[in-house]
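Take a look at the structure set out below.
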Amino acid sequence: MKGKWAVGIEPRNFTWVYRGILAVSDRPGGATAVHRRVRRDEELLWLRHQGFTRVISILPVMQNLSAYLEHGLTASHYALRGGAHQRVVLEACYRDLADSMKMGVVVLLHGDDVSDRLLGVVAGYLVWSKRVASVPASIALVERLFRRSMGPDGRSVLFDLPEAS
């Protein structure tokens, strides 16, 4: 394969949270209803060329695990469905993010799309990891980074923040 397609295509709504270490995007290949295998493979190829080695998914059901492995990416899945267990799931997700970042692993965090819930997970991580001092400051930072307001679904994630490590 030669030319610009040899390095794949950038995932939709790709945004660096920490340049070179943590990014967020739509699910590689598109959301469940419009998922395309060819696009997924092109996006995973692009991620590998950008130095990504890990994918963390917050989808309700793990999808694409075999595709991630085929492209040399490790993957974790944290099903954020709300409810009583959400705090435990968030804590595991945040520990995984922190451990990966500490080891210098370049991570893509994704849901089906870059939803309010995913923005809430990012804002929560910033507070949990003590990179931002307060929930309001974290919300403001995430809204500025993603250039949109965070709705109630994202803000509700912040009510379930686990204790900081």
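No value in this document is a laboratory result; all are computed from the given coordinates. Keep in mind it's a predicted model, so treat the numbers as computed, not measured. Here Cβ is always computed from backbone atoms with ideal geometry, including for glycine, and neighbour counts include all displayed protein chains.
Summary table
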| item | result |
| --- | --- |
| Radius 15 Å from Cβ of residue 142, net charge of other residues (Lys, Arg +1; Asp, Glu -1) | +3 |
| Kirkwood hydrodynamic radius (C-alpha pairs) into Stokes-Einstein, the chain, 4 °C and 1.567 mPa s, D in µm²/s | 81 µm²/s |
| Charge dipole magnitude, Cβ of K and R +1, D and E -1 - region 8-160, Cα centre, debye nearest 20 | 240 debye |
| FRET efficiency, 1/(1 + (r/R0)^6) with R0 35 Å, evaluated for residue 38 and residue 18 via beta carbons | 0.70 |
| Cα gyration tensor shape of region 90-144, rounded if a/c is under 1.5, else prolate or oblate by comparing a/b with b/c | oblate |
| Potential lengthening between residue 140 and residue 69 on full extension [0.36 nm per residue; Cα-Cα distance subtracted] | 22.0 nm |
| Antiparallel bridge percentage (DSSP; both residues within the chain; nearest 5) | 20 percent |
| Taking region 1-123 and dividing mean pair separation by its residue count, relative contact order in percent (alpha carbons under 8 Å, at least six apart) | 31 percent |
| Placed amide H near residue 22: partners under 5 Å, 5+ positions off or other chain | 17, 107 |
| For region 18-97, the spread of Cα positions along each principal axis, largest first, Å | 37, 30, 20 |
| Over the chain: helical MRE at 222 nm, DSSP H runs n ≥ 4 each giving -39500 (n - 2.57), nearest 500 | -12500 deg cm²/dmol |
| Given the chain, longest segment not containing exposed loop trypsin sites (Lys or Arg not before Pro) (DSSP; at most 14 other Cβ within 10 Å) | 82-129 |
